[in-house]
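Student: My structure is below; once you've seen it, I'll send some questions.
The values are calculated or read from the model by the stated rules, or taken from the named source; none is laboratory data. Everything numeric here is computed off the predicted structure, so don't read it as measured data. So basically every Cβ, Gly included, is an ideal-geometry build from the backbone, and we count neighbours across all protein chains shown. What goes into the accessible areas is simple: the full protein's heavy atoms, side chains included, and nothing from ligands, DNA or RNA. Shrake-Rupley method; radii C 1.70, N 1.55, O 1.52, S 1.80 Å.
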Amino acid sequence: MNVIKQYFLRIRTNSQLKHNNASRITVPYKDSRQIGIIFTVEDKIKHETVKDLIRKLESDGKQVQVIEFLPERKENYEFKFDFFTEDDVSFFGNITSPQANKFVGAPFDFIICLDTMPNPLLLHVLASCKAKCRVGPSWQDGHPYFELMIEPNPNVKVMAETMYQYTTQLK
């Protein structure tokens, strides 16, 4: 993404953080209904981890919606999930993807972010969303983006399992 686009995206993200009036509360897991998962495509292992997490959440009776960011030169395994790319960001930093905008507007009880490193496009979605509780890795400047932060683990399977365990324990 070019420098100017990144600059405008950062301005829009900071504006969303300041002006998003979504009610951020921790919902008891047993009462939750809708869960979103967001991640950046990296490899087949991460893709399989997301599918495993979906199965667990659905077996708990949750409705799950997934969006992935697909970087250039990465394979979109199975085309199973909605996705957006850098091409879906306008010059002025607006995300134009209908799938990403649908995800942002969904009334999730939880959004789980499965990236181990910050991604400016995912941060924008997290800043813009209406989710009650956002779960993600503990990054240096991650506090405005997450209500529940988990120590990041380079093994995405371990990190996903840890996020699932902590989320299901919320009462």
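Student: Pairs needed: first member in segment 77-102, at positive phi; second member anywhere, open to solvent by 70 Å² or more (accessible area, probe 1.4 Å) and of a type outside the set (G, A, S); C-beta distance under 7 Å; at least 6 residues apart or different chains.
Tutor: Sorted first by the residue in segment 77-102, then by its partner, the pairs are G93/I11; G93/R12.
Student: Next question, about the same structure. Need pairs with beta-carbon distance below 7 Å; first residue within 21 Å of V27 (Cβ to Cβ) and touching a residue at least 40 places away in the same chain (Cβ under 8 Å) and within segment 148-171, second of a type in the set (S, T, N, Q) and open to solvent by 50 Å² or more (accessible area, probe 1.4 Å); sequence gap 6+ or separate chains.
Tutor: Between residues of segment 148-171 that are within 21 Å of V27 (Cβ to Cβ) and touching a residue at least 40 places away in the same chain (Cβ under 8 Å) and residues that are of a type in the set (S, T, N, Q) and open to solvent by 50 Å² or more (accessible area, probe 1.4 Å), the close pairs are L170/T26.
Student: Specify which of the listed residues (K18, K5) is of a type in the set (D, E, K, R), modelled with pLDDT under 95 and in contact with a strand residue (DSSP E or B) (Cβ under 7 Å, 6 or more places away or on another chain).
Tutor: Residue meeting the stated conditions: K5.
Student: Determine which member of the set T85, T26, T13, T40 is in contact with a Leu (Cβ under 7 Å, 6 or more places away or on another chain) and either open to solvent by 70 Å² or more (accessible area, probe 1.4 Å) or of a type in the set (G, A, S) (or both).
Tutor: T26
Student: A follow-up question, please. Let me spell it out: the conditions are (1) closer than 20 Å to V27 by Cα; (2) modelled with pLDDT of 95 or more, and H143 meets all of them except one. Which number is the exception?
Tutor: Going through the list (1) closer than 20 Å to V27 by Cα; (2) modelled with pLDDT of 95 or more, H143 breaks only (2).
Student: A further question on this structure: Can you run down the residue pairs with Cβ atoms below 8 Å, 6 or more apart or on separate chains, where the first is in segment 14-29 and over 12 Å from P144 (Cβ atoms) and the partner is in a loop (DSSP other than H, G, I, E, B) and of a type in the set (G, A, S)?
Tutor: Going by the 8 Å Cβ cut-off, the qualifying pairs are A22/A131.
Student: Is it fair to say V64 is within 22 Å of W139 (Cβ to Cβ) and either touching a Leu at 6+ places or on another chain (Cβ under 9 Å) or at pLDDT 95 or above (or both)?
Tutor: No, not satisfied.
Student: Kindly state which helices (runs of 4 or more DSSP H) lie completely within segment 1-118 and contain at least 3 residues that are under 20 Å from N155 (Cα atoms).
Tutor: 44-59
Student: Follow-up. Looking only at segment 131-171, which residues are basic (K, R) and either open to solvent by less than 50 Å² (accessible area, probe 1.4 Å) or more than 17 Å from F39 (Cα to Cα) (or both)?
Tutor: Within segment 131-171, K132, R134, K171 qualify.
Student: Something else: Taking T116 and the conditions (1) over 23 Å from R12 (Cβ atoms); (2) of a type in the set (V, I, T); (3) open to solvent by 70 Å² or more (accessible area, probe 1.4 Å), which numbered condition does it fall short on, given that it satisfies the others?
Tutor: Every condition holds for T116 apart from (3).
Student: Step by step: first the residues of segment 58-68, then only those that are of a type in the set (A, V, I, L, M, F, W, C) and free of Cβ contacts under 8 Å to residues at least 40 places away in the same chain, then the one that is most open to solvent (accessible area, probe 1.4 Å). Which residue is that?
Tutor: Top of the filtered list is V64.
Student: On to the next question. Return yes when V125 is closer than 21 Å to S15 by Cβ, among the hydrophobic types (A, V, I, L, M, F, W, C) and under 13 Å from the mean Cα position of the chain (by Cα) and no when it is not.
Tutor: In short, yes.
Student: Is it the case that segment 150-161 has a residue that's at pLDDT 95 or above, small (G, A, S), part of a helix (DSSP H, G or I) and within 18 Å of K46 (Cβ to Cβ)?
Tutor: yes
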